[in-house]
Amino acid sequence: MSKLNPIQINQYLDKLFTFVEGLPMGEKGKEYIKFKFLIDFIDTWQFDDEENDFTIDEYLANPQNPRFIDVKTTYGIQNTTQIKRYITEFIASLKKARNMKLDNYLVELDKLHPTEKAARLSKSLAAITRAELFAKYGFDKVKEPAWNEQLKEILGSEITFAKEQAELLTKAPKPIHQPELNNADPLIVEELENRLAIEAVEYKRKVDELWETNKFDPTYFDTFISGPLLTEFTKALYERIRPLNNQEINKYLSLSLQQFKTHTPPKRHKAFLLNYHNTHWFPNVVEYKENEYDAKYATHVWKHYANHFSQFKEATEKVYNDFKAGLVGNSTTAAVSPIKDDNFNIFIKSFEYNYPLEYAPLSYFYQWRDNLSYFKKEVLSNLIHLDQSARKPYLNRLKFELNETLQHCHTSQEEVENLYSKYETSEEQLLRNRSYTNPLHIALNDEPPKFKDTFEEGFNPDTENIQHTFYNFHYGKTLKAAIEFLDKQAVEYSISPQVQPVLINKATPSTGIVQSFIYKNYNTEQERITDLLNSLKRQSFVDNDTALTNFRSVFNGKQVEKKIIWTGNISELAHFIKTLHNTAKKVQDTKQKQWEITINCFELADGTELSKDKLRTQKTPAKAAIIEKAVNIL
């Protein structure tokens, strides 16, 4: 047996890595392939080609054959025969992917007008010829001359045909191509079943192959189907109909809704077992023979799907109702539907979360600010033209997409303020009086550093942190501003009721008890209350189990249902209220009733009873600066 030592295995990996670096693909794709090499070579059970007296293809074709009871394996690749098979399979997969890419490219070309097709083909042929000329004069080399010859022959024949067509159609107008619904395309329920089969296979493989760190969770699919899968399904449904014309949308959604009647879980159980089997063995074709172990697992997945089946049907019905109300559909039917989504699409697309960043963070800030303004104008125009019954679905659709995008935001106001404090500046100075010496100003106006830049003398190691913190905070702030704007419109058009805070200087008639504070910016900047609560929790001033909804009620003028448990001492609580009400004036004036409100809203964790006299006479605590900084988040 030609067993390989670790040095030899590393040499093979280095050669494969070098090969991958030369592939015409993006960096993420290359990194993924390299990572897969490492896992396959070092941390995956592999078929032992030298110890077994049968091939892996024979085994995969019929794993239940008694001959294959004792299959020999190795942990990772350990001999040259395994290496040769692995590399052969990898090259074959690459060639298959390349051919599929060429097929797809030719299909896309067929959709173009012959003149455009000929121009596109000429550009591709020119690139091949240029590469060959470079190779001829020694500037570079063609990696696969045979493949280049095949490409030239294929594209050459295509361009000849395209030019002939163009000649015949010289006077014909360019056709406008719209994607059509192919009768062979799977409808939404079939796509949903396929997606579920893929998840079932991936989860089982993760549990089987990484069993030391991944234990089987019987509730996994209940959570996955009702959460991530339902969200993914709804987004995919909107994306699927986006390029279709209205006739095709109506056809697709009508047939999909009909499928929810014909493809119910009891009727599709056996079909899913077959689907799971085929997905498990893909790309190999293995005859389906039901076995108890796989059938039991697939049925477990299917039962969870059956429990949530109605949710997917309801989501599809909602999209169909939006379509009938004119809220989704092709823009060519503007005479029928007054809705315009151009500025909204530009706005939401600008939040495509590609980290690391591509441009200077401040360029994103200004782009988002301008896009938000155009988006607001578009919404106001749409609401004027829509019927009252159509306004709520329209606003809900926008809010759904905005909230989906908002999940990428995780930076608080406090983190940004900490950065400004560290570099002795402010956002106002950054935007109005740029400094060419302040490291924070420089970082936010510069493009993200390249890897080599990090080794240059004078490079600020905090640059990436500055850029990402600023970017992510304003990413969330802009989205929240858009959502708050939509909420205001919902109130304006009587879609949602407006919450009227109770005046703080009037006691509740039934009890005579003053209720709570009123934060001056409660209706526009509630996210700052969230940041304040997080800050108080981190500094151990309030109980970690404090609910956000309960904490917000301290600032909306309403009665607090459950008092906030203050885990700091009484002098820290008193200073918090003094800063909030007297010094920073973040809340409305209570006419000397701030201590009554404090007693009504807070209680000390140690059980000490609060009184106006105790609170009023407290001295400044040691943590006064920390408390003031927290309050200034508001």
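The distance separating the Cα centre of the stretch 589-634 from that of the stretch 22-98 comes to 66 Å. Straight-line reach from K578: taking Cα to Cα under 16 Å and skipping same-chain neighbours fewer than 8 places apart, the aspartates and glutamates in range are D589, E596, D613, E628.
Report the calculated FRET efficiency for Y366 and E401 (r = Cβ-Cβ distance, R0 = 22 Å), to the nearest 0.05. Step by step, r from the Cβ atoms, then E = 0.45. Only aspartates and glutamates eight or more places from K324 in sequence, or on another chain, were considered; those with a Cα closer than 18 Å are E239, E248, E314, D341, D387. Phi angles of the stretch 34-43 translate, via the Karplus equation with coefficients 6.51, -1.76, 1.60 and θ = phi - 60°, into HN-Hα couplings of 4, 4, 5, 4, 4, 4, 5, 6, 10, 10 Hz per residue; Gly and Pro are given as x. As an exercise, use a Förster radius of 45 Å and the Cβ-Cβ distance of A547 and N460 to find the FRET efficiency, rounded to the nearest 0.05. Given R0 = 45 Å and the Cβ-Cβ separation, E is 0.65.
The modelled label-to-label distance between D40 and D294, using points 7 Å beyond Cα along the C-beta direction, is 2.2 nm.
Positive contributions from Lys and Arg (+1) and negative ones from Asp and Glu (-1), summed over other residues with Cβ under 10 Å from the Cβ of Q467, come out at -4.
Under a Cβ-Cβ cut-off of 12 Å, what is the net charge of the residues other than V71 that fall near it, where Lys and Arg count +1 and Asp and Glu count -1? Each step should come with its number before you reach the end.
Values: positive: R67, K72; negative: D48, D49, E51, D53, E58, D70.
Here the count lands on -4.
What the phi angles of the stretch 82-98 give under the Karplus curve with 6.51, -1.76 and 1.60, with θ = phi - 60°, is a coupling list of 4, 4, 4, 5, 4, 5, 4, 5, 5, 5, 4, 5, 4, 5, 5, 5, 5 Hz, glycine and proline written as x.
In this structure, the amide hydrogen of F602, modeled 1.01 Å from its nitrogen in the peptide plane, lies closer than 5 angstrom to those of I564, counting only residues at least 5 positions away or on a different chain. Figure note: H410, H304, H441, H269 ranked by solvent-accessible area, largest first, 1.4 Å probe, ligands and nucleic acids not counted: H410, H269, H304, H441.
Take every Cα pair under 8 Å whose residues are at least 6 apart in sequence, average their separation, divide by the length of the stretch 515-634, and the relative contact order is 34 percent.
Backbone geometry of the stretch 367-374 corresponds, through the Karplus equation with coefficients 6.51, -1.76 and 1.60 at θ = phi - 60°, to 3J(HN,Hα) couplings of 5, 4, 4, 5, 4, 5, 4, 5 Hz, x marking Gly and Pro.
Legend: calculated FRET efficiency, A622 to T219, from the Cβ-Cβ distance at R0 = 45 Å, rounded to 0.05, equals 0.45. Between N79 and L4, the built amide H atoms are under 5 Å apart, and every one of these is 5 or more places off in sequence or on another chain. Residue ranking by accessible heavy-atom surface, 1.4 Å probe, largest first, among S494, S310, S516 comes out as S494, S310, S516.
Going 7 Å from the Cα of K235 along its beta-carbon direction, which residues of the stretch 396-427 have the amide nitrogen within less than 20 Å of the resulting point? 396-411, by backbone N distance to the label point.
Residue pairs exceeding 22 angstrom between C-alpha atoms, taken from K267/K313; K392/K477; K235/K349; K101/K235; K3/K72; K349/K399: K392/K477; K101/K235. Accessible surface comparison of M100, M25, probe 1.4 Å, protein chains only, largest first: the order is M100, M25.
The values are calculated or read from the model by the stated rules, or taken from the named source; none is laboratory data. Since this is a predicted model, take the numbers as computed values, not measurements. Positions of Cβ are generated from backbone atoms using ideal geometry, with glycine treated the same way; all protein chains shown enter the neighbour counts. The area values use the complete protein model at the heavy-atom level, side chains included, leaving out ligands, DNA and RNA. Shrake-Rupley method; radii C 1.70, N 1.55, O 1.52, S 1.80 Å.
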